[in-house]
Amino acid sequence: MGKTVAVLGAGTAGTALAQVLAANGAVIHLWNIEADVVDEINERRRNSKYFPDLELHPRIQAKYDLAEALAGAWLVLFTVPTHAMRSLAQQIAPFLRPEQALLSVAKGLEEKSCLRMSQVLAQTLPASLHGRIAAMGGPVIALELVQGTPTAVVVGVPDIALAQAIRQAMENDHFKVEITTDICGVELGATLKNIYAIILGMCDGIGYRTNTKSFLGSVAMAEMARLNDALGGQRQTIYSLAGLGDLLTTGFSPHSRNRTFGEKLIGEEWRPYLDTHTVEGVPACRAVHELALEHNIEAPLLDVLYRVLFQGQEPAATLSGFLAGFCFKC
């Protein structure tokens, strides 16, 4: 198996994972749609848009052409936002080979179809590749990862041998990879935690502190478990790195986009933030709310965020009202 890895998307996640894989010995083809980003990476060893102080590994080669990016790669990482996944998959389909492995790092659902990213890839790519599709979840703040902070993720893939190959390529002293066959649970956990991290960020904006955030985090986990069970994930996965671990990081870290957006929801600064940052919890809220109604799943905390984002309810009053009226069931 070759050592070339294609990373599609040079944002925070793609750049950070490219740095890790390159340090592990892989040659990285880091594709990006922006020519100026590609030129800066190749000429200056910098991606100043996302990591201005990070010197990129010499084994990272930025590519603007998709065919060049995929050439010789045994593993292909998809690190683009969820709304771009289907279009990108359609573009690369002619260049893929049956022996390549495909790893989705995107954390969300396709908004109109409510499909998980592995399902989008399976719909779009040749049948010969369907058994080669994997998904990654878990608590990763990209800035901490490139600084060498001990980090762990979970990779879901039906084929354990393929999962072990992915683990071998990615693991090192500070980056650990758990593997599971429950790709559905991994993707659901990675999606759901973004929604509830926005709500935990709303707590920060209101001024609620650790007591309230931990209270709502526990309520969020109960809802995540109900949604996960109804939508096909395994219960143990939602309480693993993919669900609980990721919710802790995304809901409490100052570097989390979803948490930060929730904090800004309380003031007047949230619309400009959406214009400049990918906040996957926003489209995920709409999609998961639709699935909850379709499957008759009780998710009142999810409904709080839905009413704020899509029905125009006042954020602080809506969340405060939920807390005031909350009652534990006997």
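The values are calculated or read from the model by the stated rules, or taken from the named source; none is laboratory data. From a predicted model like this one, the values you see are computed outputs, not experimental measurements. Note that we place each Cβ from the backbone using ideal geometry, even for glycine, and neighbour counts take in every protein chain shown.
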Residue 93: crowded, with 20+ Cβ neighbours inside 10 Å and farther than 23 Å from residue 51 by Cα, yes or no? no
Checking residue 67 against (1) in a loop (DSSP other than H, G, I, E, B); (2) surrounded by fewer than 19 Cβ atoms within 10 Å (Cβ to Cβ), the condition it does not meet: (1)
In the range 314-330, how many are surrounded by fewer than 16 Cβ atoms within 10 Å (Cβ to Cβ) and without any contact (Cβ under 8 Å) to a residue 40 or more places away in the chain? 9
Under 8 Å by Cβ, and 6 or more places apart or on different chains, what pairs join a residue from the range 140-161 that is within 15 Å of residue 105 (Cα to Cα) and assigned by TED's automatic domain parsing to the domain that holds residue 57 with one that is among the aromatic types (Phe, Trp, Tyr) and assigned to a loop (DSSP other than H, G, I, E, B)? 142/50
Being of a type in the set (Phe, Trp, Tyr) and in contact with a Leu (Cβ under 8 Å, 6 or more places away or on another chain) narrows it down to one residue among 322, 326; which is it? 322
Of the conditions (1) touching a Gly at 6+ places or on another chain (Cβ under 7 Å); (2) closer than 19 Å to residue 111 by Cα; (3) surrounded by fewer than 19 Cβ atoms within 10 Å (Cβ to Cβ), residue 291 clears all except one; give me its number. (1)
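One line per residue, one yes/no per condition, for (1) surrounded by 21 or more Cβ atoms within 10 Å (Cβ to Cβ); (2) over 30 Å from residue 284 (Cα atoms); (3) assigned by TED's automatic domain parsing to the domain that holds residue 117; (4) hydrophobic (A, V, I, L, M, F, W, C):
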position: 32; (1), (2), (3), (4): yes, no, yes, no
position: 58; (1), (2), (3), (4): no, yes, yes, no
position: 74; (1), (2), (3), (4): no, yes, yes, yes
position: 98; (1), (2), (3), (4): no, yes, yes, no
If I go through the range 295-330 residue by residue, how many of them are under 24 Å from the mean Cα position of the chain (by Cα) and assigned to a helix (DSSP H, G or I)? 11
Residues of the range 190-216 that turn out to be assigned to a helix (DSSP H, G or I), free of Cβ contacts under 8 Å to residues at least 40 places away in the same chain and within 14 Å of residue 262 (Cα to Cα), as a count: 1
Has the range 37-56 got at least one residue that is of a type in the set (Asp, Glu) and either in contact with a Pro (Cβ under 9 Å, 6 or more places away or on another chain) or in contact (Cβ under 8 Å) with a residue 24 or more places away in the chain (or both)? no
Only one of 299, 284, 225 is within 20 Å of residue 322 (Cβ to Cβ), in contact with a strand residue (DSSP E or B) (Cβ under 7 Å, 6 or more places away or on another chain) and not basic (Lys, Arg); which? 284
Just the residues that are over 27 Å from residue 23 (Cα atoms), in contact with a helix residue (DSSP H, G or I) (Cβ under 7 Å, 6 or more places away or on another chain) and buried (at least 17 other Cβ atoms within 10 Å of the Cβ), please, taken from the range 119-147. 120, 121, 122, 124, 125
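Restricting attention to helices (runs of 4 or more DSSP H) lying wholly within the range 240-287, give those where 3 or more residues are buried (at least 18 other Cβ atoms within 10 Å of the Cβ). Let's see the steps before the verdict.
On the way: elements: 246-252, 257-265, 270-276.
Counting at least 3 such residues, we get 246-252, 257-265.
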Go through 152, 122 for me and flag whichever is touching a strand residue (DSSP E or B) at 6+ places or on another chain (Cβ under 7 Å) and either part of a helix (DSSP H, G or I) or farther than 22 Å from residue 258 by Cβ (or both). 122
